[in-house]
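The values are calculated or read from the model by the stated rules, or taken from the named source; none is laboratory data. Keep in mind the model is a prediction, meaning the values are calculated, not measured. Counting neighbours? That spans all protein chains shown, and the Cβs are built from the backbone with ideal geometry, glycine included. Note: areas computed on protein heavy atoms with side chains; ligands, DNA, RNA excluded. Shrake-Rupley method; radii C 1.70, N 1.55, O 1.52, S 1.80 Å.
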Amino acid sequence: MQPGIYIQIPFCQSKCTYCHFATGVFPGELIAAYVDAVSEEIRHYAKSCAAAGLALPAEPPDTIYLGGGTPSLLPAEDLARILAAVRELFPASAWREVTIEADPETVTPEKSTAWRASGITRASLGAQSFADSELRAAGRRHRSADIPRAVETLRTAGIATLNLDLILGLAGQTHETWRHSFESLLSLAPEHISIYMLDVDEESHLGSELLSGGERYGAASVPSEDSQSRWFDEACDCLAAAGYEHYEISNWSLPGHRAIHNSKYWQRAPYYGFGSGAHSFNGHERWANPHDPAVYVDAIRNRRPLIEQRQTVTSQMALEEEVFLGLRLLDGINLSHIESSYGIDLRPRLPHLLEAGAVALEGDILRLHPQRLSVSNEVFAELLA
């Protein structure tokens, strides 16, 4: 599989209560310097990796993902400049998919037209909810009316492939508001849909409050895990009835519209990462840039080594990744391939999981049971124990 490119744009208008990524609100003057730094990193990437003794994949990348943060905050000409730097390094003729993450309130006709002209073919909108009370509680800037307006604007500009994200488990969410959000999303008929269960992480404001039993950020009104699981299962049934293919735990698509770039991560394909906090993977090693954008810019300006973390992927690590990531895909994993590649037979670990209905086995193919996707982490833990 050809590699992909991930470009990190860490800037946000505000920090969402549930967010634990390396993003945030930074001084405006840092943005121009950051765009210069990312463009510089891209142009000198091959030379820098060679100096560090890092082998790069032989094939050119065929996907680009502008993530964050909120890439759609940047002036369109800055994003075009970054993509132009990529064109200098890799042939644009190979690009099959170029995605930008966007917040609905930042989408304008002018930006959308410029995005399409620069080569962007797909937009991933962080809708999160169609209930304004939930959006306010989460610290989001947009409101429900901004979402259909953004969809229409993007389609008019010629960005015909859209993904819409929803989050299940937001503060104040009820079955009724979840159904409203879900049905509102379906009415917009996006080609791709992502539904994420609320990630309880101590690095986020809401997550730390939940873990400590506090009530700030609406922690006391977060729906129970049982409720979230039931609502998730309902969504799976409704999406199947609407013609969407459930191909990864959190992702659905209409036929022919799977996320090409994201699929590379689940299949352990190599990828290049540019920008602060971005990771790269060549199949054998992983390395990462500094998380702080100011530190990243300073390193580029002063031509200091950029790599902050470097890790060799051992056989055990690769096995765990292949099982964990492969089982996230509803196509499952091939047990014979696992055994021949890693010398591990997973079949003796299956009887309890099969009896509990947590997994399904068809020949050599092991899959998570479609009705147990919301409790997948328990299955991964037992398989990899």
Options Glu152, Glu105: the member that is open to solvent by 10 Å² or more (accessible area, probe 1.4 Å), touching a His at 6+ places or on another chain (Cβ under 8 Å), assigned to a helix (DSSP H, G or I) and farther than 25 Å from Tyr247 by Cβ: Glu105
Extreme residue, surrounded by the most Cβ atoms within 10 Å (Cβ to Cβ), among residues of the stretch 179-198 that are at pLDDT 95 or above and in a strand (DSSP E or B): Ile193
Yes/no for Ser39 being out of contact with any Gly (no Cβ under 8 Å at 6 or more places or on another chain), more than 28 Å from Pro109 (Cβ to Cβ) and hydroxyl-bearing (Ser, Thr, Tyr): no
The listed residue being within 22 Å of Ile5 (Cβ to Cβ) and of a type in the set (Ser, Thr, Tyr), out of Ser253, Ser224, Ser229: Ser253
Top-ranked residue of the stretch 357-383 - restricted to ones that are more than 28 Å from Ile167 (Cα to Cα) and open to solvent by 50 Å² or more (accessible area, probe 1.4 Å), ranked as farthest from the chain's Cα centre (by Cα): Gly363
Unique residue being outside any helix (DSSP H, G or I), modelled with pLDDT under 95 and within 26 Å of Gly69 (Cβ to Cβ) when the list is Arg286, Arg304: Arg304
Failed item, numbered, when Glu41 is tested on (1) over 23 Å from the mean Cα position of the chain (by Cα); (2) open to solvent by less than 50 Å² (accessible area, probe 1.4 Å): (1)
Within the stretch 21-94, helices (runs of 4 or more DSSP H) holding 2 or more residues that are under 19 Å from Val295 (Cα atoms): 29-43, 45-51
Residue identified as of a type outside the set (A, V, I, L, M, F, W, C), part of a helix (DSSP H, G or I) and farther than 30 Å from Arg87 by Cβ among Ser340, Ser263: Ser340
Yes/no for Leu83 being open to solvent by less than 30 Å² (accessible area, probe 1.4 Å), in contact (Cβ under 8 Å) with a residue 12 or more places away in the chain and hydrophobic (A, V, I, L, M, F, W, C): yes
Close pairs from the stretch 146-160: first on the phi > 0 side of the Ramachandran plot, partner open to solvent by 50 Å² or more (accessible area, probe 1.4 Å) and among the acidic types (Asp, Glu), Cβ under 8 Å, at least 6 apart: none
Residues (surrounded by 17 or more Cβ atoms within 10 Å (Cβ to Cβ), touching a residue at least 60 places away in the same chain (Cβ under 8 Å) and touching a Pro at 6+ places or on another chain (Cβ under 9 Å)) located in the stretch 281-291: Asn282, His291
Lone unmet requirement of (1) in contact (Cβ under 8 Å) with a residue 40 or more places away in the chain; (2) within 27 Å of Asp237 (Cβ to Cβ); (3) surrounded by 17 or more Cβ atoms within 10 Å (Cβ to Cβ) for Leu306: (2)
Selection count where residues are surrounded by 17 or more Cβ atoms within 10 Å (Cβ to Cβ) and part of a loop (DSSP other than H, G, I, E, B), scope the stretch 130-149: 6
Condition check for Gly126: in contact with a strand residue (DSSP E or B) (Cβ under 9 Å, 6 or more places away or on another chain) and under 23 Å from Gly28 (Cβ atoms): yes
Residue in the stretch 229-240 that is in a loop (DSSP other than H, G, I, E, B), open to solvent by less than 30 Å² (accessible area, probe 1.4 Å) and on the phi < 0 side of the Ramachandran plot present: no
Total residues in the stretch 86-96, condition crowded, with 19+ Cβ neighbours inside 10 Å and modelled with pLDDT of 95 or more: 1
Boolean, Glu134 is closer than 25 Å to Gly256 by Cα and acidic (Asp, Glu): no
Residue among Ala127, Ala171, Ala123 that alone is in a loop (DSSP other than H, G, I, E, B), open to solvent by less than 30 Å² (accessible area, probe 1.4 Å) and among the small types (Gly, Ala, Ser): Ala171
Long-range neighbours under 7 Å by Cβ, at least six apart or interchain, first residue under 26 Å from Ala171 (Cα atoms) within the stretch 227-251, second part of a loop (DSSP other than H, G, I, E, B) and open to solvent by less than 40 Å² (accessible area, probe 1.4 Å): Gln228/Gly169; Asn251/Ala259
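A quick yes/no check of all residues on (1) touching a Phe, Trp or Tyr at 6+ places or on another chain (Cβ under 8 Å); (2) under 24 Å from Tyr265 (Cβ atoms); (3) exposed (fewer than 13 other Cβ atoms within 10 Å of the Cβ):
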residue	(1), (2), (3)
Gln311	yes, yes, yes
Val323	yes, yes, no
Arg328	yes, yes, no
Gly332	no, yes, no
Glu339	no, yes, no
Gly343	no, no, yes
Leu346	no, yes, no
Arg349	no, no, no
